[in-house]
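Scroll down for the structure; my scribbles are underneath it.
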Amino acid sequence: MKGRSGYFRRKQFSRLMLVLCGIATACVILVLILILGYTLVNGVSYLSLDFITQPSKPVGEVGGGMRDDIYGTFILVGLASLIALPVGMMTGIFLAAFAGPKAASAIRFAADILAGVPSIIVGVFAYAILVRPMHSYSALSAGVALAIIMIPVVARTAEESLRLVPNSQREAALALGINRWRITLGVIVPGAVTGIVTGIMLAVARIAGETAPLIFTALGSAFGVQGLTQPIGALPLQIYRYALSPYTDWQQQAWAAAFLLVILVLGINVIVRLVSSRRSK
Amino acid sequence: MNQCKPDRPAAEVAGDIVSAARARIGDAIFTRLTLFFSILMVTILIALLIVLGIDAWPAIQKFGLSFITSVEWDPVNEVFGALPAIYGTLLSSAIGLIIAVPISLGSAIFLSELAPQWMRRPCSFLIEMLAAIPSVIIGLWGLYVMVPFIRNPIEIWLGSNLGFLPLFSGPPFGVGFLSAGIILAIMVIPIITAVSREAIVAVPLTQREAMLALGATRWEMIARAVLPYCRSGLVGGVVLGLGRALGETMAVTMVIGNAYTLSPSLFSPGATIASKVASEFNEASGDLYIGSLIELALVLFAITLLVNIIARLLVWRTVSVRSTGE
Amino acid sequence: MRRINNWISGIAMAILTAAVVFAGCAAPSGSPATTQAKSINLNGAGATFPAPLYTKWFDEYNKLTGVKVNYQPIGSGGGISQIIEGTVDFGATDGIMTDAEIAKAESKNGPILHIPTTSGSVAVIYNLSGIGSGQLKLTGDVLANIYLKKINKWNDPAITAINPGLKLPDAAIAAVFRSDGSGTTYIFTNYLCKVSPEFKSGIGNAKSVKWPGDIGGQGNAGVAGQVQQIPNSIGYVELAYAEQNKLAWASLKNAAGNFVEPSLTATTKAAEGITLPDDMKVMLTDSANPEAYPIVGFTWILVYVNQKDKDKGEALAKMLWWAIHDGQKYTEPLTYANLAGSTVTKAENAILSIKYQEQPIITR
């Protein structure tokens, strides 16, 4: 590692590693393009305005869309966020700011284990605590199931982001005599906001595409959204059922819907970030 | 976290006693609130365990410890064992992480350190979008597009050149542990990449500058100053990704071949705990059968627990090695 | 800068809250139908196999009568446990309820009916180059031995003996089974148990069994996907799937000794070669009818005899009556088989036995 040739070799090695990093990124994006492209090719015949403005039609009839299921997905994701964001964020704050080392590692443990529970099991749990006692499938139970999946992701990403806010900021604020809770909400959380938003968006992306927990909770609805205590449809549920059905019509709709779902999540993601970045200028 | 009690200017203190008390109440309420929600999350986990424990009780009672060591899974005669599923879960997740971690880290480094500013955001978006594709769609894509490619050329080439290793023996069906691992890698990459990227971005500039000033190359700067600094964030990302890999169902079920066997070959069809539960739960009937499927889920809990403990120990070890070495 | 950052978090939160509030407010406004006094909603869940047909039926039935029947495929096992739990108004299944399940249901809510709505068959599909659909002939015994892994090669004398004209390769048979619990596997194993004592003692009849076979596919799509990709493989899927996706299928030897390809008529015929008990809890496999395809089964709707809600009970009984009569015209276009005449009569009797407070709900 000494002398000119040593430095040259190190330079070369550095360049190689950096190129590899670029290739890794390209590979990941390539996979996304391959999958999305495949859904697009298979579903293109159904991608039209009707697809998002029309209710679904039985097999054998031309046309039909997924309006109710798109709507249902929005409601379920909203419900889940309503429950999971406070719980997840507060847990993240507790872990990053207040918890002693023992409590923190215990709670972190719980979060990591909760994140590893197969989603179908979460569905079974929500079924046991909500559907069975209420004697009815409901949007509410599905929202709870999705929230349980979301909480650990939000909590852990929030914690990681909060931790990365430099101590100097916190200390500066403390030195000014500001209360800790104001510091947390006013200085530390804003300082970590991009990380937190990333975490939330990851969690939203994850639950927006979840099928398994919905089978035993949301059930699905052939007649649109009928309130929070009634069965409700959702895009992934419909994708799942259509994709595995015998009919090419439905299979195509499943591919189209998958494409649409990704675009929807992408859209939410872009809007949230655009708004937050425009505000910071 | 070190608490520092600031010395406040005397002039302010006089009129501030009331508001200080209020502030302390505010702090107390806020801290309790965060504690409350943390406990709520732990409670959910415990409730989940209890509910599952009750449902799994018939199987726990009947099979005891043999559930974990038995390779049988016979719904007709109601004999159930979890070993092949445990093996499949660990093997497929390990393959998934071996592929996903370097790729994710590479992408995270590229997107936070190397890429031109204009492409960082869009590319990060795109990678995160991979997480939004429903599992069944990735599974079907895997089955129809990826698996044929893995059988021919990859498995056929590996089989004819390295077939003497047990790892690459057996007929190349395409579906199997290898395909499952690759699919899992695809599913966890967005998670690990996103979390790692955030962690890397948050590393202070001074860290990098100091390293560069010492004459380090860019890679050395990244490998020795940046990555060690945000190690806990990186591990957090990997652990989150691992959680997803262990519990992933539909996509894996589509490409793993669902045979209930213990085979050393990566080409062999197998099963994971989650795939077994997901594929049989809907149609299962009878307390013992359903109980066994739920017990499988509990075994997965235990595995996640174990893996997490190991991950923690590894982190602690590297931390202590570093601190004594320096 | 701090202040601005403050804004960011505020805005991000505001958007999420707005989305949530929007979702929350919007939900009840979409529900005027449920608050109307006369509108009747029925919820049903269960078998996946008849789901496309049921969706079509209930859509048509809604146009005719205004009754909203929401049917969702959660699996036959789910259909059975949900009707026992009482979370749905009717269940649906491809398999007969076990005695234990019936006892559990009856102890809670009284007698339960199995009403057949259509029947389905299972096609044996294969991937052999140069051998087209229907050309490969198999007997039940050979099929059972293939799935028992006792016949391992395509040029096994047992197979070549019944396929004298075919050039069968000297290649290993990759047997693909259906790995998720399913009515399809239930019907398939029911048939194999009837024709092979060895299969019955070694493997048995259930929605999931312990296959000695090579590869498991998830769902029809999973099985078909494997069979299409792996040369020299064999698998089984439901007829509608094989037909809609143009898969090559085998002719099977039925109980009368004829080789029959799977078809809707051959499926309907199966019910005519079986003595149908009054409770209709019977599998139609290995039918004696000379034109019948041998791997056939009913799919049933499960309802309680004693209905607790008069309006719902009446709607349910009328809907079922419609389904086994007028509804039958929607079956064939969707690749489902019609109910045979003898079955319809027995199903009528069952529907007429549905009661509210000991009074029959509908009469002939």
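Just to be sure before I move on: is C:G273 closer than 15 Å to C:S342 by Cβ and free of Cβ contacts under 8 Å to residues at least 40 places away in the same chain in the structure I sent? Judged against the criteria, C:G273 is a match. Among the residues of the range A:191-243, what is the count of those that are at pLDDT below 85, under 14 Å from the mean Cα position of the chain (by Cα), polar (S, T, N, Q) and within 26 Å of A:Q253 (Cβ to Cβ)? Going through the range A:191-243 one residue at a time, the tally reaches 0. Note on the range B:214-297: enclosed helices (runs of 4 or more DSSP H) holding 1 or more residues that are among the aromatic types (F, W, Y) and free of Cβ contacts under 8 Å to residues at least 24 places away in the same chain are B:218-221, B:273-281.
In the set (1) surrounded by fewer than 24 Cβ atoms within 10 Å (Cβ to Cβ); (2) away from chain C (no Cβ under 14 Å); (3) out of contact with any Leu (no Cβ under 6 Å at 6 or more places or on another chain), B:M221 fails one condition alone, (3). Looking only at residues in the range B:56-65 that are out of contact with any Ser or Thr (no Cβ under 6 Å at 6 or more places or on another chain) and modelled with pLDDT of 90 or more, the one that is nearest to the other protein chains (Cβ to nearest Cβ) is B:A56. Would the range B:118-137 turn up any residue that is buried (at least 20 other Cβ atoms within 10 Å of the Cβ), in contact with a helix residue (DSSP H, G or I) (Cβ under 8 Å, 6 or more places away or on another chain), within 14 Å of chain A (Cβ to nearest Cβ) and more than 26 Å from A:I268 (Cα to Cα)? Among the residues of the range B:118-137, not one is buried (at least 20 other Cβ atoms within 10 Å of the Cβ), in contact with a helix residue (DSSP H, G or I) (Cβ under 8 Å, 6 or more places away or on another chain), within 14 Å of chain A (Cβ to nearest Cβ) and more than 26 Å from A:I268 (Cα to Cα), which makes the answer no. Pairs meeting the criteria (first residue in the range C:240-257 and polar (S, T, N, Q), second residue not in a loop (DSSP other than H, G, I, E, B), beta carbons under 8 Å, at least 6 apart or on different chains) are C:Q244/A:T248; C:N245/A:T248; C:N245/C:A224; C:S251/C:K137; C:S251/C:L138; C:S251/C:F259; C:S251/C:V260; C:N254/C:V260. Scanning the range B:155-177 for residues that are of a type in the set (A, V, I, L, M) and within 14 Å of another protein chain (Cβ to nearest Cβ) gives B:I156, B:V175. Only residues that are among the acidic types (D, E) and farther than 18 Å from A:S136 by Cβ were counted in the range C:47-98, giving 3. Only residues that are touching a residue at least 24 places away in the same chain (Cβ under 8 Å) and more than 18 Å from the chain's Cα centre (by Cα) were counted across the range B:92-113, and they come to 4. In the range A:186-195, which residue that is more than 8 Å from chain C (Cβ to nearest Cβ) and in a helix (DSSP H, G or I) is surrounded by the fewest Cβ atoms within 10 Å (Cβ to Cβ)? For the range A:186-195, the residue satisfying everything is A:T194. Counting the residues of the range C:119-173 that are farther than 25 Å from C:L239 by Cα and outside any loop (DSSP other than H, G, I, E, B) gives 6. When the range A:84-140 is limited to residues that are under 30 Å from A:G220 (Cβ atoms) and not in a helix (DSSP H, G or I), the one that is farthest from the other protein chains (Cβ to nearest Cβ) turns out to be A:S138. When A:G22 is tested against (1) within 11 Å of another protein chain (Cβ to nearest Cβ); (2) farther than 30 Å from B:G106 by Cβ; (3) not hydroxyl-bearing (S, T, Y), exactly one condition is not met: (2).
A:L164 meets all of the listed conditions (1) away from chain C (no Cβ under 12 Å); (2) under 29 Å from B:I46 (Cα atoms) but one, namely (2).
When C:E101 is tested against the conditions (1) within 12 Å of chain B (Cβ to nearest Cβ); (2) out of contact with any helix residue (DSSP H, G or I) (no Cβ under 9 Å at 6 or more places or on another chain), the lone failure is (2).
For the range C:74-93, name all the residues that are more than 9 Å from chain B (Cβ to nearest Cβ), over 17 Å from C:L320 (Cβ atoms) and not hydrophobic (A, V, I, L, M, F, W, C).
Step one: filter the range C:74-93 for residues more than 9 Å from chain B (Cβ to nearest Cβ), giving C:79, C:82-93.
Next, from what is left, pick out any that are over 17 Å from C:L320 (Cβ atoms): C:82, C:84-87.
Of everything in the range C:74-93, those that are more than 9 Å from chain B (Cβ to nearest Cβ), over 17 Å from C:L320 (Cβ atoms) and not hydrophobic (A, V, I, L, M, F, W, C) turn out to be C:Q82, C:E85, C:G86, C:T87.
Residues in the range C:334-352 include at least one that is farther than 17 Å from C:E272 by Cα, modelled with pLDDT under 90 and not in a strand (DSSP E or B). From the list C:K210, C:K200, pick out the single residue that is of a type in the set (K, R), facing chain B (nearest Cβ under 9 Å) and either surrounded by fewer than 24 Cβ atoms within 10 Å (Cβ to Cβ) or out of contact with any Gly (no Cβ under 7 Å at 6 or more places or on another chain) (or both). Testing whether each residue is of a type in the set (K, R), facing chain B (nearest Cβ under 9 Å) and either surrounded by fewer than 24 Cβ atoms within 10 Å (Cβ to Cβ) or out of contact with any Gly (no Cβ under 7 Å at 6 or more places or on another chain) (or both) leaves just C:K210.
Exactly one residue among A:A111, A:A126, A:A155 is under 26 Å from A:I70 (Cα atoms) and either among the small types (G, A, S) or buried (at least 20 other Cβ atoms within 10 Å of the Cβ) (or both), and that residue is A:A126.
Whether any residue in the range C:96-110 is part of a strand (DSSP E or B) and under 20 Å from the mean Cα position of the chain (by Cα) is what I want to check. Quick ask: steps written out before the conclusion?
We begin by selecting, within the range C:96-110, every residue part of a strand (DSSP E or B); these are none.
Within the range C:96-110, none of the residues are part of a strand (DSSP E or B) and under 20 Å from the mean Cα position of the chain (by Cα).
Among the residues making up the range C:316-327, those that are closer than 15 Å to C:Y54 by Cβ and touching a residue at least 40 places away in the same chain (Cβ under 8 Å) are C:L316, C:M319, C:L320, C:W322, C:A323, C:I324, C:G327. Screening A:K281 with (1) surrounded by fewer than 24 Cβ atoms within 10 Å (Cβ to Cβ); (2) outside any helix (DSSP H, G or I); (3) modelled with pLDDT of 80 or more gives one miss only, at (3).
Applying the selection to the range C:288-320, what residues are part of a loop (DSSP other than H, G, I, E, B), more than 17 Å from C:A347 (Cα to Cα) and among the aliphatic types (A, V, I, L, M)? Lay out the reasoning, then the answer.
The initial filter retains those residues of the range C:288-320 that are part of a loop (DSSP other than H, G, I, E, B), namely C:288-295, C:305, C:308-309.
Still in the running and more than 17 Å from C:A347 (Cα to Cα): C:288-295, C:308-309.
Hits for the range C:288-320 are C:A288, C:A292, C:I295.
Being over 22 Å from B:A100 (Cβ atoms) and under 23 Å from the mean Cα position of the chain (by Cα) is the requirement here; does A:L47 meet it? Steps first, please.
Values: over 22 Å from B:A100 (Cβ atoms): yes; under 23 Å from the mean Cα position of the chain (by Cα): no.
No, not satisfied.
Of all the listed residues (B:F36, B:F67), the sole one being assigned to a helix (DSSP H, G or I), without any contact (Cβ under 8 Å) to a residue 24 or more places away in the chain and either among the aromatic types (F, W, Y) or touching an Asp or Glu at 6+ places or on another chain (Cβ under 8 Å) (or both) is B:F36.
Just checking, how many residues over the range A:217-237 are within 24 Å of C:E238 (Cβ to Cβ) and either surrounded by fewer than 24 Cβ atoms within 10 Å (Cβ to Cβ) or facing chain C (nearest Cβ under 7 Å) (or both)? Total satisfying the criteria: 3. Residue selection: A:V270 satisfies the criterion of being of a type in the set (A, V, I, L, M, F, W, C), farther than 17 Å from A:D69 by Cβ and without any contact (Cβ under 8 Å) to a residue 24 or more places away in the chain.
Being over 29 Å from C:I115 (Cβ atoms) and either in contact with a strand residue (DSSP E or B) (Cβ under 6 Å, 6 or more places away or on another chain) or crowded, with 19+ Cβ neighbours inside 10 Å (or both) is the filter here, so list the residues in the range C:233-260 that pass it.
Taking the range C:233-260 and keeping what is over 29 Å from C:I115 (Cβ atoms), we get C:233-235, C:245-251, C:253, C:257-259.
C:S233, C:I234, C:G235, C:L247, C:A248, C:W249, C:A250, C:S251, C:K253, C:F259 - these are the residues of the range C:233-260 that are over 29 Å from C:I115 (Cβ atoms) and either in contact with a strand residue (DSSP E or B) (Cβ under 6 Å, 6 or more places away or on another chain) or crowded, with 19+ Cβ neighbours inside 10 Å (or both).
The values are calculated or read from the model by the stated rules, or taken from the named source; none is laboratory data. Everything quoted here is computed from the prediction, not taken from an experiment. Positions of Cβ are generated from backbone atoms using ideal geometry, with glycine treated the same way; all protein chains shown enter the neighbour counts.
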